[in-house]
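The values are calculated or read from the model by the stated rules, or taken from the named source; none is laboratory data. The model shown is predicted, which means the values in this text are computed figures rather than measured ones. We place every Cβ from the backbone using ideal geometry, glycine too, and count neighbours over all the protein chains shown. Only protein heavy atoms, including side chains, enter the accessible area calculation; ligands, DNA and RNA are left aside. Shrake-Rupley method; radii C 1.70, N 1.55, O 1.52, S 1.80 Å.
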Amino acid sequence: MLPRFSFNQIISEARQSAARFPFVLLSAFLASFFWVWLLEAESGDLQDQKLLSAFFCSLLGISWLYSLTILAERYLEQKSRQWLLPLVGAVLLLAYYFSLPKSLDNLESVLRMILFFLFSHLFAAFAPYLRHNEPNGFWQYNETLFSRFLLSVLYAGVLYAGISIALGALNVLFNANIETRIFGQIFGIIAFFFNTWFFLAGVPQDFQALNESTFYPKGLKIFTQYVLLPLVGIYLAILYAYGIKILIEFDLPKGWVVYLILVFSIVGIFSLLLTAPIQETADNKWIKLYVRGFYFALLPLIGLHFVAIGRRISDYGFTEQRYFVLVLGLWLLGICLYFLFSKAKGIKVIPISLAAVALLSSFGFWGAFYVSNQSQLNRLHQTFKKLQVISEGGYLTNLPKNSQLSFEDSENIRSIIRYFCQRRKEYWLQPYFKQPIDSLLVKQQSKNALQNSWERSEALVANLPFFNQINEKVSSNSPFVNFGTRENYTYFKVSGYDYWLKFNLNRNPNSRTEQKETIKIESIKYQLVLNENNEIILTAESENKEEIILVKFDANTWIEQLHQKYKTNNYEVAKSDLERTFENEQGKFYFLFRDVQTQREGTAKPKYRIVWLSVEILIKRKHY
């Protein structure tokens, strides 16, 4: 018999969850609000405001304030005091928001926020059981949350699909012209607000009943026994086969194997957690043996994990990614030893320890960011010492006479400088430059974070006094050559033109697809395209969707001339070799190429393909 639908019951449950989790719902509402605002804003303005930070902090607040609310509910008996803990959490969240940089265009801020997201979600898993040793209650609580989450996603997905289909029908049948961003805004409201409210309505309150429950979903046992555990076996066979292979060949493991080991470990531990309540039952004794065998089998793979990541760290130093891989390996080793030799074997150790790892990795001299920055700075300093380019005052100078800069060293220096620029940590490099490092960076920066960091790093590379002393014979081994200028050209005359635009196009060297970037000015969309034939095309699209080609420039001849004249990496290219002017019935167009990177294809009769360019364009409109 189907349960009766009761609108009053739905309203009642909604009110109860709102009264129980007011701070969480406020955070969910703010996340939806800022999401809608983000989609209303011009994409070019997002980097210049804290709107994106406000959205992410509100999103973080959902799991963070939920954890504190459920913690207060379990451990503070007086209801009048239970709101104090989430209030303190809200104040801390607000302080974190104000501590964020102006824009989230640096990798460190993004990674730290991801760590906080991970910590807050793991905290939600064990918050009501910090001081209670109730293994069954802990499992039942998390099973309830997981099931409720899946159900809320299902309801939210159906609701969004229904509304989207209805709006799409209005567009088709009545020419309603509902913009695409409206669909995105509706998605945000449903995903962040409705989904959260629906989920909260199913959060359990009676922890004593949870601990006494013997419920175990039959479907979960079937899924674990016939899907997850066989997957673990397949991963195990592959990894052991690979381990035997490298032993036979007496070779070091490839770097990617660490990710396969981590996936195997996560799937394995997750499957064992799902079977925790039935491991002691008479008809499931084999699962207990499987658990012990799994952790024993994991130990040699953890050794392989350490060898693989150790090799990468030895060759290239720490980055945040390598730091996390190493720390997760240490965490896996600790979990294995705990479940093999501890008598307690409490499953809540898993989320508690992983939450501690996430939180502790986010700050301090032991954290991922300081360790990685210091490691890369040491690598850069050792390279400078080897090249003998550090003066007595500590500043960079030219190479000694008869010395040459190899391509390997030049790319090593470039990659480390780019590492610091991606994290907005250029000031770590200040001791090597006499001038203030901000004065060396490009004045007009792209609003795309990746392109922005590229521009800043290339500007610093161009100001290294020895960088044009690269050995031409050695550098020719690389297929990549850069052309640009040291001069910033902080201003130039624009009289006679209507608009100034800046485009940055970057494509994967292994990709043949065209790259494009669009800038909207008033009612016209200007688009710059770099296609697979090295053609640079500037188009304009009006409100009526009519597209006009303003400039179509075959860059092959120009690139070959640059290679013939400058031969190798050069940041002192004459301005006249980097500018082009076009005039036709559509208008007058002036191109100034700030930076161009090419990739050589072939050796006997090489061809050059543009993989990166930064260009400023002045436009004088005529007939469009």
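Values as computed for the structure displayed
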quantity: Subset of the range 568-624 [among the polar types (S, T, N, Q) and under 21 Å from GLU514 (Cα atoms)]; calculated: GLN597, THR598, GLN599, SER614
quantity: Test: residue in the range 368-377 that is open to solvent by 40 Å² or more (accessible area, probe 1.4 Å) and at pLDDT 95 or above; calculated: yes
quantity: Sole residue being modelled with pLDDT of 95 or more, out of contact with any helix residue (DSSP H, G or I) (no Cβ under 8 Å at 6 or more places or on another chain) and open to solvent by 10 Å² or more (accessible area, probe 1.4 Å), chosen from LEU92, LEU87; calculated: LEU92
quantity: Subset tally (residues that are out of contact with any helix residue (DSSP H, G or I) (no Cβ under 6 Å at 6 or more places or on another chain) and not in a helix (DSSP H, G or I)) for the range 355-394; calculated: 10
quantity: The range 307-323 - residue that is surrounded by fewer than 19 Cβ atoms within 10 Å (Cβ to Cβ) and either touching a residue at least 12 places away in the same chain (Cβ under 8 Å) or of a type outside the set (Ser, Thr, Tyr) (or both) and, of those, farthest from TYR240 (Cα to Cα); calculated: TYR316
quantity: Residue list for the range 273-295, filter: aliphatic (A, V, I, L, M) and surrounded by 12 or more Cβ atoms within 10 Å (Cβ to Cβ); calculated: LEU273, LEU274, ALA276, ILE278, ILE287, VAL291
quantity: Residue among PHE123, PHE119, PHE146 that alone is on the phi < 0 side of the Ramachandran plot, part of a helix (DSSP H, G or I) and without any contact (Cβ under 8 Å) to a residue 60 or more places away in the chain; calculated: PHE146
quantity: Single unsatisfied condition, HIS132 versus (1) touching a residue at least 60 places away in the same chain (Cβ under 8 Å); (2) in a helix (DSSP H, G or I); calculated: (2)
quantity: Given (1) within 35 Å of the chain's Cα centre (by Cα); (2) part of a loop (DSSP other than H, G, I, E, B), index of the condition ASN544 fails; calculated: (1)
quantity: Residue in the range 395-407 that is in a helix (DSSP H, G or I), at negative phi, surrounded by 13 or more Cβ atoms within 10 Å (Cβ to Cβ) and at pLDDT below 90 present; calculated: yes
quantity: Qualifying position, being surrounded by 18 or more Cβ atoms within 10 Å (Cβ to Cβ), more than 28 Å from the chain's Cα centre (by Cα) and part of a helix (DSSP H, G or I), among LEU298, LEU328; calculated: LEU298
quantity: Qualifying positions in the range 517-536 - outside any strand (DSSP E or B), of a type outside the set (Ser, Thr, Tyr) and surrounded by fewer than 17 Cβ atoms within 10 Å (Cβ to Cβ); calculated: GLU522, ASN531, GLU532, ASN533
quantity: Residue that is most open to solvent (accessible area, probe 1.4 Å) [pool: residues in the range 196-219 that are among the hydrophobic types (A, V, I, L, M, F, W, C) and within 32 Å of the chain's Cα centre (by Cα)]; calculated: TRP197
quantity: Flag for GLN527 being within 25 Å of PRO606 (Cα to Cα) and touching a strand residue (DSSP E or B) at 6+ places or on another chain (Cβ under 6 Å); calculated: no
quantity: Tabulated pairs, the range 195-210, first under 14 Å from ILE70 (Cβ atoms) and in a helix (DSSP H, G or I), second open to solvent by less than 40 Å² (accessible area, probe 1.4 Å) and of a type in the set (Ser, Thr, Tyr), C-beta under 6 angstrom, 6+ apart or interchain; calculated: PHE199/SER152; LEU200/SER17; LEU210/TYR141
quantity: Of the criteria (1) of a type in the set (A, V, I, L, M); (2) out of contact with any Ser or Thr (no Cβ under 6 Å at 6 or more places or on another chain); (3) surrounded by 20 or more Cβ atoms within 10 Å (Cβ to Cβ), which one ALA124 fails; calculated: (2)
quantity: Filter result for the condition that a residue is open to solvent by 60 Å² or more (accessible area, probe 1.4 Å) and among the β-branched types (Val, Ile, Thr), over THR557, THR568, THR539; calculated: THR557
quantity: Every residue from the range 243-272 that is assigned to a helix (DSSP H, G or I) and open to solvent by less than 30 Å² (accessible area, probe 1.4 Å); calculated: GLY243, ILE246, VAL257, VAL258, ILE261, LEU262, PHE264, SER265, GLY268, ILE269, SER271, LEU272
quantity: Filter result for the condition that a residue is in contact with a Leu (Cβ under 9 Å, 6 or more places away or on another chain) and part of a loop (DSSP other than H, G, I, E, B), over ILE347, ILE352; calculated: ILE347
quantity: Which numbered condition VAL153 misses (of (1) in a helix (DSSP H, G or I); (2) within 22 Å of LEU38 (Cα to Cα)); calculated: (2)
quantity: Output for the range 571-623, where each listed residue is within 30 Å of GLY496 (Cα to Cα), over 34 Å from the mean Cα position of the chain (by Cα), open to solvent by less than 50 Å² (accessible area, probe 1.4 Å) and at pLDDT below 90; calculated: VAL573, ALA574
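So that you can scan it fast, the table gives a plain yes or no per residue for (1) open to solvent by less than 60 Å² (accessible area, probe 1.4 Å); (2) at pLDDT below 80:
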site: ARG20; (1), (2): yes, no
site: SER27; (1), (2): yes, no
site: TRP37; (1), (2): no, no
site: GLU40; (1), (2): no, no
site: GLY44; (1), (2): yes, yes
site: ASP48; (1), (2): no, yes
site: LEU52; (1), (2): yes, no
site: CYS57; (1), (2): yes, no
site: TYR66; (1), (2): yes, no
